[in-house]
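To keep things clear, I will list the structure first and then write my remarks on it.
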Amino acid sequence: MKIGIIGGGTVGQTLATGFLGKGHEVVIGIREVTDAELRKNRNGARPLADWQSGSGGRVVTMTEAAAFGDVVVNATSGLASLQALARAHPADLTGKVLIDVANPLDFSKGMPPFLAHAYTGDTSLAEQIQNRFPEARVVKAFNTVAANAMVDAAFVPGEHDLLIAGNDPAAKDLVTALARGFGWANIADMGDLVGARAMEGLLPLWIRMWILANDPRVNIHLVRAA
């Protein structure tokens, strides 16, 4: 499968490497592919020149990544996601599964961050992306765990869950299959894309758990009555 990842930070690189390891063709899309862009540090992630030379993947523009992928992944910073995805031609996303991994977090007051005010009401980033690209099949997934856990469920010990939400059952089935390839046995369906509001709202709690544990190997597990 061809997978185009929009965003070249830690999450984008981690997912790209994970998908490459499962035999998929992968590109990472950034705004401009210049030598300076490829060589700079990306908020703690390694330079994309190093990722490209060591992984077998390619770095292209965001527009090219959207056109390339059978599946497209939004791995940008949440508050910049709509602006970044605007670089895609709507026709290049028509009918495609678009996995939204981003969280619209406000870091303006430092750590821990909270949801940006615009996303604390009757919407979510995933819903806004769906509204912007109505012909895409948006699925919210992978946004409630550390990057390493996204591609290796065993990164977090014990029983824990990956949450997923979307309007298209077949699209959720495809994303579920990708997640199972990364070892995810427990996948909790949060229903239609409105469920993304709760998933994005979970992030401030998850970050606080990470801070208190001083370890990103934390997650939640749903315990159900028999």
*Using per-residue counts of other Cβ atoms within 10 Å, averaged over each peptide, order 60-67, 200-207, 139-146 from highest down.*
139-146, 60-67, 200-207
*Please figure out what share of the DSSP beta bridges in the chain is antiparallel and state it in percent, rounded to the nearest 5.*
20
*Rank-order 159-165, 95-101 by packing density, defined as the average count of other C-beta atoms within 10 Å over each peptide's residues, highest first.*
95-101, 159-165
*Given H placed on each backbone N at 1.01 Å, which residues far from Gly29 in sequence or on other chains put an amide H within less than 5 Å of it?*
Ile5, Ile6, Gly7, Val60
_Dipole of region 2-213, positive end: most advanced residue of Leu15, Thr144, Ala91 [Cβ charges, Cα centre]_ = Leu15
*asked:* Ignoring everything except DSSP H segments at least 4 long, calculate the 222 nm mean residue ellipticity for the chain; use -39,500 (n - 2.57) per segment, divide by total residues, nearest 500.
replied: -9500 deg cm²/dmol
*If Lys and Arg each add +1 and Asp and Glu each add -1, what is the summed charge of the other residues whose beta carbon sits under 15 Å from the beta carbon of Lys140?*
-4
*Over the alpha carbons of region 107-155, what is the largest minus smallest coordinate on each principal axis, giving the biggest first in Å?*
34, 31, 14
*Give the total of Lys-Lys pairs in the chain with Cα-Cα distances below 27 Å; include a pair only if its members are 8 or more places apart or on different chains.*
13
*Report, in debye and to the nearest 20, how large the dipole of region 2-213 comes out about its Cα centre when Lys and Arg carry +1 and Asp and Glu carry -1 on their Cβ.*
440
*Enumerate the residues in region 122-143 having an amide nitrogen under 20 Å from the point lying 7 Å beyond the Cα of Met209 toward its Cβ.*
140-143
*Quick one: compute the contact order of region 2-213, relative version, from alpha carbon pairs under 8 angstrom and 6+ residues apart, as a percent.*
18
*Which net charge results when you count Lys and Arg as +1 and Asp and Glu as -1 among the other residues whose beta-carbon is under 14 Å from that of Val101?*
-1
*Treat each spin label as a single point 7 Å out from the Cα along the C-beta direction, and report the Ala225 to Ser108 distance in nm.*
4.3
*Grab the Cα-Cα distance for Arg46 and Arg180, subtract it from 0.36 nm times how many residues apart they are, and report the gain in nm with one decimal.*
45.5 nm
_Cβ-based net charge around Ala66, under 12 Å, with every Lys or Arg adding one and every Asp or Glu removing one_ = 0
*Between region 1-48 and region 60-110, what's the alpha-carbon centroid distance in Å?*
13
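Rule-based calculations on the coordinates, nothing more; no lab input. A quick note: this is a predicted structure, and the numbers were derived from the prediction, not measured. Every residue, glycine as well, gets a Cβ built from its backbone with ideal geometry; the counts of neighbours run over all protein chains shown.
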